[in-house]
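Each remark here refers to the structure printed beneath this line.
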């Protein structure tokens, strides 16, 4: 995968595969090209060259199919603050064409799992950040996408909520939904099945956390990151 | 010295900050550590005279933030959480603007900002709105420093910043501290606590504890077991069903387990995890980190 903007190459020949049901950590320094790559994988930007398939669809010819078969959640925008919990689910269910009869039972099931069923009539704006993140994730996976992209999903949430969120990620992966996640919390990188690390437009490492730590002779992914980024 | 006494800020019935008291010594690097919504930004706006307290008071070097607000602004440099410079002015124009407002010039205080500003000086004609995240952060810090303040108040300067840049930023703070500037900084990253001289853990508008980071972790009395097995997620589930469990959370590749009893029966636990079908089980006693203490204090409060 290559993406150039004029004379600037944001993504240099990225080669990687992410497996079904895998939790894949997409790490890198600020400005390393992660967002550019994510936008291409989500069908929002056309690559300069390379062969890329997401959820079984080609990014050049089936970008709309990709959009229907993925979920996306970011720290910056995920839910409508001035709609209630229930209204947000209905809105996104409509956008992703969830069969109308299935919306209510599935929403109740999801909210029960999140322990938020009693709060379904509340405005998103009135909820604590940790709950919003849980809900945003519930909404992003509501249409049972093949893969869900999470862009810094836990930024700023408290340590308990952050851990609860990751447990939700693993439950989702067990349902067969692939999870593609970025984070600046290096302890979270350790939870991923495999991680890649980008630096200046290139993938400079890709493997299981343990194999990478063994290979570079470090104890944590944090130490690994410090060791290989910008060297 | 900075001294807050029973500082409270309410919005209607919501208590954003409740009865907060603390003291920061001159020349100290002091951190407020807590998640979003803990009250860190409210506290920093009170410290910098940008908000009025509902009750209580805070003094900076003997100056009251309400009565002496004009003098407070002369001695404090404030970097808000959101980028608040002029995007349509160049790097140098922004810096010159702040210098002029405070009755000084870039030349006069260049020695103060040099360590920070030298990183972005090659781009001084670039518009501030066109800078990368890391460069914006350095420009905002330069602008907060240009009037040679006695106190620097930095609201979440490292949020959303990668691990390498965060490390570099903390090195900059260390070098500013060595010039005698008192620094108050907030962060949601608990691993940054160890880089401060002293920290306050803050949650739901209250201070949970204030001390040296080493003292906070070494005074933690509960036993923590670091447990590893072939499947961390299933291990977590098994440990939460263990009869003696108080709490169990994932920490990187380990699960940190805290039990109700002062010390756990390791043989019993090994046997239990074996019965649950876990392989390659390793159990070790470990020292608490700041995040362990934070989780425990928060759960204690919630009963």
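Coordinate-derived values only; no laboratory data. All of these numbers come straight from a predicted model, not from anything done at the bench. Neighbour counts run over all protein chains shown; Cβ positions are idealised from the backbone, glycine included.
Brief remarks on what is shown
- Between residue B:275 and residue A:215, the C-beta separation translates, for a Förster distance of 56 Å, into a calculated FRET efficiency of about 0.95.
- Residues residue B:84 and residue B:52, FRET efficiency given R0 of 22 Å [Cβ-Cβ distance, rounded to 0.05]: 0.60
- One quarter of the surface of the convex hull around the alpha-carbon atoms of the protein assembly as shown equals 26.5 nm², the direction-averaged projected area.
- Inter-chain shielding of B:247-256 (mean C-beta neighbours from other protein chains, 10 Å cut-off): 5
- If the segment from residue B:118 to residue B:97 were pulled out straight at 0.36 nm per residue, it would be longer than the present Cα-Cα gap by 5.7 nm.
- C-alpha long axis of helix B:163-177 to longest principal axis of chain B, angle in °: 50 degrees
- Here is how the number arises for chain A: DSSP H runs of 4 or more residues each give -39500 (n - 2.57), the sum is divided by the residue count, and the result at 222 nm is -11000 deg cm²/dmol.
- 0 to 90° range, to nearest 10: angle between helix A:129-140 axis and chain A longest Cα axis: 90 degrees
- When you restrict to C-alpha pairs under 8 Å that are six or more residues apart and normalise by the size of segment A:94-231, the relative contact order lands at 16 percent.
- Reported to the nearest whole Å, the Cα centre-to-centre distance from segment B:99-163 to segment B:35-67 is 23.
- Degrees separating the helix B:91-101 axis from the principal Cα axis of chain B, which is the longest one: 70 degrees
- Estimated inter-spin distance, residue B:15 and residue B:107, nm [label 7 Å along Cα→Cβ]: 5.4 nm
- The mean sequence distance of close C-alpha pairs (under 8 Å, at least 6 residues apart), as a share of the length of chain A, puts its relative contact order at 29 percent.
- Equivalent ellipsoid semi-axes - Cα gyration tensor, chain B, angstrom: 43, 23, 15
- Taking the centroid of alpha carbons for each part, segment B:223-274 and segment A:112-163 are 27 Å apart.
- Cut-off 16 Å, label 7 Å out along Cα→Cβ of residue A:82, residues of segment A:126-168 by amide N: A:126
- The peptide list B:97-107, A:123-133, put in order of mean Cβ contacts within 10 Å with the highest first, becomes A:123-133, B:97-107.
- Remark: spin-label model distance residue B:222-residue A:230 equals 3.7 nm, labels positioned 7 Å along the Cα→Cβ axis.
- Counting, for every residue in B:190-196, the Cβ atoms of other protein chains within 10 Å of its Cβ and taking the mean gives 1.
- Percent breakdown of C-alpha pair distances by 5 Å bin, ordered from the shortest bin, for chain A: 1, 6, 14, 17, 19, 16, 12, 8, 4, 2, 0, 0
- Shielding by partners - mean other protein chain Cβ count within 10 Å, residues of A:218-230: 2
- Mean sequence separation of contacting Cα pairs (under 8 Å, at least six apart), scaled by the length of segment B:9-55, corresponds to a relative contact order of 41 percent.
- Anisotropy class assigned to segment B:224-287 is rounded, per the alpha carbon gyration tensor with a/c under the 1.5 cut-off.
- Distance from the C-alpha centroid of segment A:178-213 to that of segment A:11-73: 15 Å, rounded to the whole angstrom.
- Label-to-label distance, residue B:212 versus residue A:49, with points set 7 angstrom from Cα along the beta-carbon direction: 5.9 nm.
- Percent antiparallel among DSSP beta bridges (both partners in the protein assembly as shown, rounded to 5): 55 percent
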